[in-house]
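A short worksheet on the structure shown next.
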Amino acid sequence: MKKKWHALYILTPDERTPPARLEEFAAVTPLVALDQSHALSSIRKADFIALRLPMHERVREKIDELRMDGELARLPVLGIGTHWEYGVDACITEAIPSEDLHTVMQLLCDLHRCEMLITQEKEELAHTKKELDQIADELVEVISLLLDLRIPEASRRGRRVAEAARFIGEQLGLSPRVLCELIWAAKLRELGKSGLPDDILAKSRSMRSESEQNLYDRYPVWGGIALGGMPGLKDAATVISHQLENFDGTGFPDGLKGDEIPIGSRILRVAAAFEIIATAPDRSPQSAMEILERGANREYDPLLVRLMAGYLRITQTPDWESNILRVPLSELHEGQTLAEDLWTRSGVKLLPQGAKLTEHTIHLLLNYRATDPMADAVSIYRQGKEEV
């Protein structure tokens, strides 16, 4: 006897039994379109769904109901009628020869098995990737702490750079994965310094000879090489390797220019430079920002300098963590006040800090981002906390 499958046949309100042709090769479980009492556990072994065409409204509602169950969501649909409809994977007439009917059912069941295998593989890959990311995250933290033994305060500087880099990355609408790699790179940006001789590490830039400074400037490459062989950290290693590239193409190691430089490296260049300058003796965050602005278009991506200025304004707002919210663009509403300048990814300033949002403004923003992407969320003052 030829192999039989299990079919779910959805009866229309006018039907009493499934078509006899289905039972030639399949065990058929009839479902009444209006019935809400069936137990899903008893029908989850089905290989496909069958129904009569044209599709009755109640039948379509029943399919939507079945699709709500994860195990039934991908079941293929066999339609019995003369005209194919949307949502049906195969269409036959009751006059179809038995051999052809068997072939159609076989193909539908093979399709279902393939989709189930693909779904299972995707779930397993996602689980494995999540585990690898967790391992990589823990590895970054361990390396960061070990780096402190060689480069004092490196982990603390790395955390501060990571926070600024995260803000800039979020403003650019970077994906969660790219943001994660950027944060890892920020925390370990000084890793390559661990291989430098003590006497070079102990000297300030002004005290190093030209050959010593050339050697010192290679630390990003060494850090990238060291990190690149570790599981899940290859892209973070690339960000580290190019962190001293200049926007005008005069940087190190490859003389990359503008958008040739990985976006993570450009962000790290700005965030790390601000950290170095702002924490130097007799420097303030404001003076550090002025130096970055003078270096825009030469050392630094000018858009990222502007975003860094926005980060500085926000973090210098009293109790900023409790006074400022990150709100998705889709959830903005009239009357809210921007806590930062709003820029597009291409460098167009759309609205200044302190701008009051209107329904018209929000509508324009949502339409504009279709042609010039911007951050998925913006910083908004909590009600009553606007800066004066």
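At a glance:
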item: Meets criteria (in contact with a Phe, Trp or Tyr (Cβ under 9 Å, 6 or more places away or on another chain), β-branched (V, I, T) and modelled with pLDDT of 85 or more) for I49; result: yes
item: Restricting the stretch 42-80 to residues that are surrounded by 14 or more Cβ atoms within 10 Å (Cβ to Cβ) and in contact with a Lys or Arg (Cβ under 6 Å, 6 or more places away or on another chain), the residue that is nearest to F25 (Cα to Cα); result: I80
item: Matching residues in the stretch 89-106 - criterion: being among the aliphatic types (A, V, I, L, M), out of contact with any strand residue (DSSP E or B) (no Cβ under 7 Å at 6 or more places or on another chain) and without any contact (Cβ under 8 Å) to a residue 60 or more places away in the chain; result: A95
item: Some residue of the stretch 192-208 being crowded, with 19+ Cβ neighbours inside 10 Å, on the phi < 0 side of the Ramachandran plot and of a type in the set (A, V, I, L, M); result: no
item: Single residue of the stretch 132-157 satisfying the filter (modelled with pLDDT of 90 or more and among the acidic types (D, E)) that is nearest to G192 (Cα to Cα); result: D148
item: Residue match in the stretch 336-346 (condition: among the basic types (K, R) and in the same structural domain as R159 (by TED's automatic domain parsing)); result: no
item: Criterion violated by R298 - all others in (1) in contact with a Phe, Trp or Tyr (Cβ under 7 Å, 6 or more places away or on another chain); (2) surrounded by fewer than 20 Cβ atoms within 10 Å (Cβ to Cβ); (3) at pLDDT below 95 satisfied; result: (3)
item: Criterion (in contact (Cβ under 8 Å) with a residue 12 or more places away in the chain and either surrounded by 16 or more Cβ atoms within 10 Å (Cβ to Cβ) or over 27 Å from P302 (Cα atoms) (or both)) met by exactly one of Y368, Y381; result: Y381
item: Tally, over the stretch 346-368, of residues that are touching a Lys or Arg at 6+ places or on another chain (Cβ under 9 Å) and part of a loop (DSSP other than H, G, I, E, B); result: 2
item: Matching option when the condition is within 30 Å of E181 (Cβ to Cβ) and of a type in the set (S, T, Y), among T119, T82, T103; result: T119
item: Pair list, Cβ under 9 Å, 6 or more apart: the stretch 145-157 residue closer than 16 Å to A185 by Cβ, other residue assigned to a loop (DSSP other than H, G, I, E, B) and at pLDDT below 95; result: R157/I151; R157/T279
item: Residues of the stretch 239-298 that turn out to be on the phi < 0 side of the Ramachandran plot, charged (D, E, K, R) and part of a loop (DSSP other than H, G, I, E, B), as a count; result: 6
item: Breaking point among (1) at pLDDT below 90; (2) within 30 Å of I49 (Cβ to Cβ), for E124; result: (1)
item: Condition met for V140 (surrounded by 18 or more Cβ atoms within 10 Å (Cβ to Cβ), of a type outside the set (K, R) and not assigned by TED's automatic domain parsing to the domain that holds D259); result: yes
item: Residue identified as among the small types (G, A, S), in contact with a helix residue (DSSP H, G or I) (Cβ under 7 Å, 6 or more places away or on another chain) and in contact (Cβ under 8 Å) with a residue 24 or more places away in the chain among A278, A272; result: A272
item: Scope the stretch 188-234; condition among the acidic types (D, E) and touching a helix residue (DSSP H, G or I) at 6+ places or on another chain (Cβ under 9 Å); matching residues; result: E190, D199, E212
item: From G169, G158, G192, G173, residue being farther than 29 Å from E340 by Cβ, assigned by TED's automatic domain parsing to the domain that holds I267 and of a type in the set (G, A, S); result: G192
item: Selected residue (criterion: nearest to G192 (Cα to Cα)) from residues of the stretch 216-237 that are assigned to a helix (DSSP H, G or I) and within 24 Å of the chain's Cα centre (by Cα); result: G224
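Yes/no per residue for (1) hydrophobic (A, V, I, L, M, F, W, C); (2) buried (at least 19 other Cβ atoms within 10 Å of the Cβ); (3) at pLDDT below 95:
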site: M230; (1), (2), (3): yes, no, yes
site: R294; (1), (2), (3): no, no, no
site: R313; (1), (2), (3): no, no, yes
site: Q316; (1), (2), (3): no, no, yes
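The values are calculated or read from the model by the stated rules, or taken from the named source; none is laboratory data. Computed from a prediction, not measured in an experiment: that's the story for all the values here. FYI the Cβ positions are ideal-geometry reconstructions off the backbone, even for glycines, and counts take in every protein chain you see.
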